[in-house]
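The block underneath contains the structure these notes are about, expressed in C-alpha coordinates.
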There are 2 protein chains.
Amino acid sequence: MTRTRQAVLALLQRTRHPISATEIFEQLHQEKVAIDLVTVYRTLHVLKDLGLVLQLDLHQEGLARYELKEGREHHHHIRCQICGQIEDLLLCPLKKITKLIEQRTQFIVDDHTLEFTGLCPQCQ
Amino acid sequence: MTRTRQAVLALLQRTRHPISATEIFEQLHQEKVAIDLVTVYRTLHVLKDLGLVLQLDLHQEGLARYELKEGREHHHHIRCQICGQIEDLLLCPLKKITKLIEQRTQFIVDDHTLEFTGLCPQCQ
DNA sequence: TTCTTATTGCAAGTTTATTGCAATTACCAT
DNA sequence: ATGGTAATTGCAATAAACTTGCAATAAGAA
(Lines give C-alpha, C1' and ligand atoms only; values in the text may rest on other atoms or scores of the structure.)
Protein backbone atom coordinates (compact mmCIF):
# COMPACT_ATOMS: atom_id res chain seq x y z
CA MET A 1 0.00 0.00 0.00
CA THR A 2 1.58 3.18 -1.26
CA ARG A 3 0.56 6.76 -0.56
CA THR A 4 -1.14 7.13 -3.92
CA ARG A 5 -3.24 4.05 -3.32
CA GLN A 6 -4.11 5.28 0.13
CA ALA A 7 -5.16 8.61 -1.38
CA VAL A 8 -7.54 6.88 -3.80
CA LEU A 9 -8.91 4.63 -1.10
CA ALA A 10 -9.37 7.54 1.29
CA LEU A 11 -11.22 9.51 -1.36
CA LEU A 12 -13.52 6.57 -2.03
CA GLN A 13 -14.15 6.30 1.69
CA ARG A 14 -15.26 9.88 2.04
CA THR A 15 -17.27 9.98 -1.21
CA ARG A 16 -20.90 9.08 -0.76
CA HIS A 17 -21.72 8.31 -4.37
CA PRO A 18 -20.14 6.20 -7.13
CA ILE A 19 -17.27 8.16 -8.67
CA SER A 20 -15.46 7.83 -11.99
CA ALA A 21 -11.72 7.55 -12.62
CA THR A 22 -11.60 11.04 -14.09
CA GLU A 23 -13.46 12.48 -11.12
CA ILE A 24 -11.01 10.80 -8.75
CA PHE A 25 -8.13 12.21 -10.76
CA GLU A 26 -9.56 15.74 -10.72
CA GLN A 27 -10.56 15.65 -7.08
CA LEU A 28 -7.13 14.46 -5.97
CA HIS A 29 -5.44 17.15 -8.04
CA GLN A 30 -7.60 19.77 -6.36
CA GLU A 31 -6.35 18.38 -3.08
CA LYS A 32 -2.77 18.74 -4.36
CA VAL A 33 -2.19 15.01 -4.58
CA ALA A 34 0.02 14.41 -7.62
CA ILE A 35 -1.24 11.28 -9.33
CA ASP A 36 -1.46 10.26 -12.94
CA LEU A 37 -4.78 9.24 -14.45
CA VAL A 38 -3.20 5.95 -15.51
CA THR A 39 -2.31 5.27 -11.90
CA VAL A 40 -5.90 5.95 -10.89
CA TYR A 41 -7.10 3.37 -13.39
CA ARG A 42 -4.50 0.84 -12.27
CA THR A 43 -5.26 1.45 -8.61
CA LEU A 44 -8.96 0.96 -9.17
CA HIS A 45 -8.22 -2.27 -10.98
CA VAL A 46 -6.14 -3.50 -8.06
CA LEU A 47 -8.76 -2.51 -5.49
CA LYS A 48 -11.41 -4.25 -7.55
CA ASP A 49 -9.35 -7.42 -7.74
CA LEU A 50 -8.82 -7.26 -3.98
CA GLY A 51 -12.59 -7.09 -3.56
CA LEU A 52 -12.45 -3.71 -1.84
CA VAL A 53 -14.14 -1.78 -4.60
CA LEU A 54 -17.10 -2.37 -6.90
CA GLN A 55 -17.26 -1.21 -10.48
CA LEU A 56 -20.60 0.05 -11.76
CA ASP A 57 -21.54 0.59 -15.37
CA LEU A 58 -24.64 2.69 -15.23
CA HIS A 59 -26.96 2.79 -18.19
CA GLN A 60 -26.02 5.30 -20.89
CA GLU A 61 -23.22 6.89 -18.95
CA GLY A 62 -20.44 5.52 -21.12
CA LEU A 63 -17.96 5.36 -18.25
CA ALA A 64 -17.26 3.25 -15.21
CA ARG A 65 -17.96 4.38 -11.66
CA TYR A 66 -16.51 2.92 -8.52
CA GLU A 67 -17.62 2.66 -4.93
CA LEU A 68 -16.23 1.12 -1.80
CA LYS A 69 -17.55 -2.37 -1.14
CA GLU A 70 -15.95 -2.78 2.27
CA GLY A 71 -18.36 -2.36 5.13
CA ARG A 72 -21.33 -1.64 2.94
CA GLU A 73 -24.30 -3.88 2.42
CA HIS A 74 -25.51 -5.02 -0.99
CA HIS A 75 -27.54 -2.32 -2.65
CA HIS A 76 -28.61 -0.80 -5.96
CA HIS A 77 -28.92 2.67 -7.45
CA ILE A 78 -31.31 5.17 -8.92
CA ARG A 79 -30.06 7.92 -11.21
CA CYS A 80 -31.63 11.18 -12.30
CA GLN A 81 -31.75 11.50 -16.08
CA ILE A 82 -31.46 15.27 -15.90
CA CYS A 83 -28.81 16.10 -13.33
CA GLY A 84 -27.09 12.72 -13.08
CA GLN A 85 -27.41 12.49 -9.33
CA ILE A 86 -27.11 8.93 -8.05
CA GLU A 87 -28.78 7.67 -4.91
CA ASP A 88 -28.39 4.35 -3.14
CA LEU A 89 -31.30 1.96 -2.83
CA LEU A 90 -30.78 -0.11 0.27
CA LEU A 91 -32.88 -3.00 -0.89
CA CYS A 92 -32.69 -5.99 -3.17
CA PRO A 93 -35.77 -7.83 -4.34
CA LEU A 94 -33.89 -10.48 -6.30
CA LYS A 95 -33.12 -13.39 -3.99
CA LYS A 96 -36.10 -15.51 -4.97
CA ILE A 97 -36.00 -14.46 -8.58
CA THR A 98 -32.40 -15.61 -8.84
CA LYS A 99 -33.36 -19.18 -7.93
CA LEU A 100 -36.17 -19.11 -10.47
CA ILE A 101 -33.82 -17.87 -13.17
CA GLU A 102 -31.27 -20.56 -12.39
CA GLN A 103 -33.97 -23.19 -12.78
CA ARG A 104 -35.30 -21.75 -15.98
CA THR A 105 -32.02 -21.04 -17.75
CA GLN A 106 -29.69 -23.64 -16.22
CA PHE A 107 -27.20 -20.82 -15.68
CA ILE A 108 -25.31 -20.52 -12.41
CA VAL A 109 -26.02 -16.93 -11.45
CA ASP A 110 -23.27 -15.19 -9.56
CA ASP A 111 -24.10 -11.54 -9.87
CA HIS A 112 -26.73 -9.10 -10.93
CA THR A 113 -27.08 -5.40 -11.57
CA LEU A 114 -30.21 -3.38 -11.07
CA GLU A 115 -30.60 0.29 -11.77
CA PHE A 116 -33.52 2.65 -11.87
CA THR A 117 -33.59 5.90 -13.79
CA GLY A 118 -36.00 8.77 -13.54
CA LEU A 119 -36.38 12.29 -12.25
CA CYS A 120 -35.09 13.34 -8.86
CA PRO A 121 -37.22 15.64 -6.70
CA GLN A 122 -35.26 18.73 -7.81
CA CYS A 123 -35.54 18.00 -11.53
CA GLN A 124 -39.22 17.14 -11.71
CA MET B 1 -36.68 4.99 -44.92
CA THR B 2 -33.67 4.29 -47.10
CA ARG B 3 -32.25 0.95 -48.15
CA THR B 4 -29.43 1.17 -45.62
CA ARG B 5 -31.85 1.78 -42.79
CA GLN B 6 -34.00 -1.08 -43.97
CA ALA B 7 -30.94 -3.32 -44.00
CA VAL B 8 -30.14 -2.46 -40.39
CA LEU B 9 -33.73 -2.91 -39.33
CA ALA B 10 -34.03 -6.21 -41.16
CA LEU B 11 -30.86 -7.48 -39.51
CA LEU B 12 -32.19 -6.52 -36.09
CA GLN B 13 -35.42 -8.34 -36.90
CA ARG B 14 -33.71 -11.60 -37.72
CA THR B 15 -31.15 -11.42 -34.90
CA ARG B 16 -32.26 -13.11 -31.74
CA HIS B 17 -29.84 -11.50 -29.32
CA PRO B 18 -28.71 -7.93 -28.60
CA ILE B 19 -26.12 -6.92 -31.17
CA SER B 20 -23.48 -4.18 -31.21
CA ALA B 21 -22.88 -1.52 -33.87
CA THR B 22 -19.64 -3.18 -34.94
CA GLU B 23 -21.37 -6.55 -35.22
CA ILE B 24 -24.09 -5.02 -37.37
CA PHE B 25 -21.44 -3.42 -39.56
CA GLU B 26 -19.54 -6.68 -39.98
CA GLN B 27 -22.62 -8.80 -40.53
CA LEU B 28 -23.97 -6.46 -43.23
CA HIS B 29 -20.61 -6.42 -44.99
CA GLN B 30 -20.60 -10.20 -45.04
CA GLU B 31 -23.98 -9.95 -46.71
CA LYS B 32 -22.49 -7.55 -49.27
CA VAL B 33 -24.43 -4.56 -48.00
CA ALA B 34 -22.14 -1.53 -48.34
CA ILE B 35 -22.65 0.61 -45.27
CA ASP B 36 -20.33 2.76 -43.25
CA LEU B 37 -19.92 2.17 -39.52
CA VAL B 38 -20.84 5.81 -38.94
CA THR B 39 -24.11 5.22 -40.73
CA VAL B 40 -24.79 2.23 -38.52
CA TYR B 41 -24.34 4.40 -35.45
CA ARG B 42 -26.54 7.15 -36.87
CA THR B 43 -29.22 4.69 -37.95
CA LEU B 44 -29.30 3.10 -34.52
CA HIS B 45 -29.64 6.53 -33.00
CA VAL B 46 -32.59 7.31 -35.27
CA LEU B 47 -34.29 3.98 -34.58
CA LYS B 48 -33.81 4.53 -30.87
CA ASP B 49 -35.36 7.99 -31.07
CA LEU B 50 -38.27 6.54 -33.00
CA GLY B 51 -38.77 4.04 -30.20
CA LEU B 52 -38.22 1.06 -32.47
CA VAL B 53 -34.97 -0.06 -30.88
CA LEU B 54 -33.68 -0.38 -27.35
CA GLN B 55 -30.11 0.29 -26.35
CA LEU B 56 -28.57 -1.96 -23.71
CA ASP B 57 -25.39 -1.29 -21.79
CA LEU B 58 -24.50 -4.59 -20.27
CA HIS B 59 -22.21 -4.73 -17.29
CA GLN B 60 -18.49 -4.70 -18.10
CA GLU B 61 -18.94 -5.01 -21.82
CA GLY B 62 -17.78 -1.50 -22.61
CA LEU B 63 -20.03 -1.20 -25.65
CA ALA B 64 -23.66 -0.68 -26.48
CA ARG B 65 -25.95 -3.42 -27.79
CA TYR B 66 -29.23 -2.96 -29.55
CA GLU B 67 -32.39 -4.99 -29.92
CA LEU B 68 -35.72 -4.47 -31.58
CA LYS B 69 -38.37 -3.16 -29.22
CA GLU B 70 -41.26 -3.42 -31.65
CA GLY B 71 -43.50 -6.40 -30.99
CA ARG B 72 -41.51 -7.66 -28.06
CA GLU B 73 -42.60 -7.64 -24.46
CA HIS B 74 -40.59 -6.08 -21.68
CA HIS B 75 -37.80 -8.38 -20.57
CA HIS B 76 -34.32 -8.60 -19.11
CA HIS B 77 -31.12 -10.50 -19.81
CA ILE B 78 -28.64 -12.94 -18.41
CA ARG B 79 -25.10 -13.09 -19.76
CA CYS B 80 -22.42 -15.75 -19.48
CA GLN B 81 -19.18 -14.36 -18.09
CA ILE B 82 -17.11 -16.86 -20.04
CA CYS B 83 -18.54 -17.02 -23.55
CA GLY B 84 -20.58 -13.82 -23.54
CA GLN B 85 -23.79 -15.52 -24.63
CA ILE B 86 -26.86 -13.46 -23.81
CA GLU B 87 -30.25 -14.96 -23.11
CA ASP B 88 -33.58 -13.23 -22.64
CA LEU B 89 -35.44 -13.44 -19.36
CA LEU B 90 -39.12 -13.07 -20.06
CA LEU B 91 -40.00 -11.83 -16.63
CA CYS B 92 -39.88 -8.68 -14.58
CA PRO B 93 -40.24 -8.68 -10.82
CA LEU B 94 -40.06 -4.92 -10.42
CA LYS B 95 -43.57 -3.49 -10.64
CA LYS B 96 -44.21 -3.36 -6.90
CA ILE B 97 -40.67 -2.42 -6.08
CA THR B 98 -40.87 0.59 -8.38
CA LYS B 99 -43.75 2.05 -6.38
CA LEU B 100 -41.85 1.48 -3.16
CA ILE B 101 -38.79 3.21 -4.56
CA GLU B 102 -40.80 6.19 -5.74
CA GLN B 103 -42.21 6.58 -2.24
CA ARG B 104 -38.85 6.23 -0.57
CA THR B 105 -36.79 8.43 -2.86
CA GLN B 106 -39.38 10.90 -4.18
CA PHE B 107 -38.00 10.19 -7.65
CA ILE B 108 -40.34 9.63 -10.57
CA VAL B 109 -39.09 6.34 -11.96
CA ASP B 110 -39.41 5.93 -15.67
CA ASP B 111 -37.10 3.10 -16.51
CA HIS B 112 -34.98 0.36 -15.03
CA THR B 113 -32.35 -2.09 -16.14
CA LEU B 114 -31.79 -5.52 -14.69
CA GLU B 115 -29.11 -7.94 -15.71
CA PHE B 116 -27.86 -11.21 -14.36
CA THR B 117 -24.42 -12.63 -15.00
CA GLY B 118 -23.14 -16.10 -14.42
CA LEU B 119 -22.13 -19.28 -16.16
CA CYS B 120 -24.17 -20.77 -18.96
CA PRO B 121 -24.74 -24.54 -19.10
CA GLN B 122 -21.90 -25.00 -21.62
CA CYS B 123 -19.33 -23.03 -19.64
CA GLN B 124 -19.94 -24.48 -16.19
C1' DT C 1 -37.38 15.86 -64.39
C1' DT C 2 -35.98 19.25 -61.20
C1' DC C 3 -35.72 21.10 -56.72
C1' DT C 4 -35.25 20.64 -51.88
C1' DT C 5 -34.14 18.14 -47.92
C1' DA C 6 -32.44 14.21 -45.65
C1' DT C 7 -28.91 10.75 -45.67
C1' DT C 8 -24.40 8.95 -46.45
C1' DG C 9 -19.28 8.30 -46.54
C1' DC C 10 -14.95 9.86 -45.48
C1' DA C 11 -11.73 12.04 -42.49
C1' DA C 12 -10.78 13.79 -38.36
C1' DG C 13 -11.70 14.28 -33.52
C1' DT C 14 -13.41 12.81 -28.55
C1' DT C 15 -13.59 10.13 -24.70
C1' DT C 16 -12.57 6.31 -21.90
C1' DA C 17 -9.43 3.03 -20.88
C1' DT C 18 -5.10 0.12 -21.67
C1' DT C 19 -0.13 -1.09 -22.63
C1' DG C 20 5.12 -0.65 -22.91
C1' DC C 21 8.89 0.90 -20.80
C1' DA C 22 12.12 3.38 -18.19
C1' DA C 23 12.46 5.74 -13.75
C1' DT C 24 11.15 5.80 -9.16
C1' DT C 25 9.55 4.12 -4.86
C1' DA C 26 8.45 0.71 -1.30
C1' DC C 27 9.84 -2.98 1.37
C1' DC C 28 12.62 -6.80 3.00
C1' DA C 29 16.96 -8.83 4.50
C1' DT C 30 21.08 -7.92 5.96
C1' DA D 1 20.68 2.33 8.25
C1' DT D 2 21.79 0.35 3.62
C1' DG D 3 21.57 -2.14 -0.41
C1' DG D 4 18.97 -5.13 -3.46
C1' DT D 5 14.77 -6.71 -5.43
C1' DA D 6 10.27 -6.36 -6.82
C1' DA D 7 6.32 -3.57 -7.20
C1' DT D 8 4.57 0.94 -8.50
C1' DT D 9 4.48 5.08 -11.08
C1' DG D 10 4.51 8.57 -14.92
C1' DC D 11 4.90 9.48 -19.56
C1' DA D 12 3.98 8.48 -24.24
C1' DA D 13 1.77 5.90 -27.29
C1' DT D 14 -2.10 2.96 -28.44
C1' DA D 15 -6.77 0.94 -28.61
C1' DA D 16 -11.67 0.85 -28.93
C1' DA D 17 -16.18 2.95 -29.08
C1' DC D 18 -18.43 6.55 -30.56
C1' DT D 19 -19.22 11.45 -32.50
C1' DT D 20 -18.85 15.53 -35.55
C1' DG D 21 -18.01 18.43 -39.87
C1' DC D 22 -18.61 18.67 -44.40
C1' DA D 23 -19.05 17.76 -49.14
C1' DA D 24 -21.28 14.34 -52.16
C1' DT D 25 -25.17 11.55 -52.96
C1' DA D 26 -29.75 9.77 -52.77
C1' DA D 27 -34.68 10.17 -51.62
C1' DG D 28 -39.11 12.22 -52.07
C1' DA D 29 -42.16 16.06 -53.45
C1' DA D 30 -43.70 19.47 -56.93
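The values are calculated or read from the model by the stated rules, or taken from the named source; none is laboratory data. Nothing here was measured: the structure is a model prediction, and the numbers come from that model. Cβ sites come from the backbone with ideal geometry, for glycine too, and all protein chains shown count toward neighbours. Quick note on the areas: whole protein, heavy atoms, side chains included, nothing else; ligands and nucleic acids left out. Shrake-Rupley method; radii C 1.70, N 1.55, O 1.52, S 1.80 Å.
Per the accessible-area calculation with a 1.4 Å probe, the total area buried between chain A and chain B rounds to 3500 Å².
The A:Glu26 and B:Leu63 beta-carbon pair, evaluated with R₀ = 22 Å, returns a calculated FRET efficiency of approximately 0.30. For B:Lys69, the residues whose amide H sits under 5 Å from its own are B:Val53, B:Leu54, ignoring neighbours fewer than 5 places away on the same chain, with H placed 1.01 Å from N.
If I take all pairs of Cα atoms in chain B, what percentage of them are more than 21 Å from each other?
48 percent
Here the dipole of the range A:1-119 is about 240 debye; that uses its Cα centre as origin and unit charges on the Cβ of Lys and Arg (positive) and Asp and Glu (negative). If you take the Cα centroid of the range B:90-116 and the Cα centroid of the range B:41-76, the two points sit 19 Å apart. Along chain B, the longest continuous region that contains none of the trypsin sites (Lys or Arg not before Pro) in a DSSP loop with at most 12 other C-beta atoms within 10 Å is B:73-124. Structure remark: mean-square fluctuation, Gaussian network model of chain A, C-alpha springs under 10 Å; the largest value among A:Leu54, A:Leu11, A:Leu90 belongs to A:Leu90. Just checking the listed ones, B:Ile86, B:Ile19, B:Ile101: in the Gaussian network model of chain B with Cα springs under 10 Å, the one fluctuating most is B:Ile101.
Between B:Glu70 and A:Ala10, the FRET efficiency from the beta-carbon distance, with R0 = 45 Å, is close to 0.35. Each residue of the range A:39-49 was assigned a 3J(HN,Hα) from its phi angle through the Karplus curve 6.51 cos²θ - 1.76 cosθ + 1.60 (θ = phi - 60°); the sequence is 5, 4, 4, 5, 5, 4, 4, 4, 5, 5, 5 Hz, with glycine and proline shown as x. When chain B is treated as a Gaussian network with alpha carbon springs shorter than 10 Å, the biggest mean-square fluctuation among B:Ala64, B:Ala21, B:Ala34 belongs to B:Ala34.
Between their Cα atoms, which of A:Lys96/B:Lys48; A:Lys48/B:Lys95; A:Lys99/B:Lys48; A:Lys69/A:Lys95; B:Lys69/B:Lys95 are more than 30 Å away from each other?
Over 30 Å apart, Cα to Cα: A:Lys96/B:Lys48; A:Lys48/B:Lys95; A:Lys99/B:Lys48.
Taken along the Cα-to-beta-carbon direction at a fixed 7 Å, the label points for B:Gln124 and B:Tyr41 span 4.1 nm. Taking the DSSP bridge list for chain B and keeping only pairs wholly inside it, about 70 percent are antiparallel.
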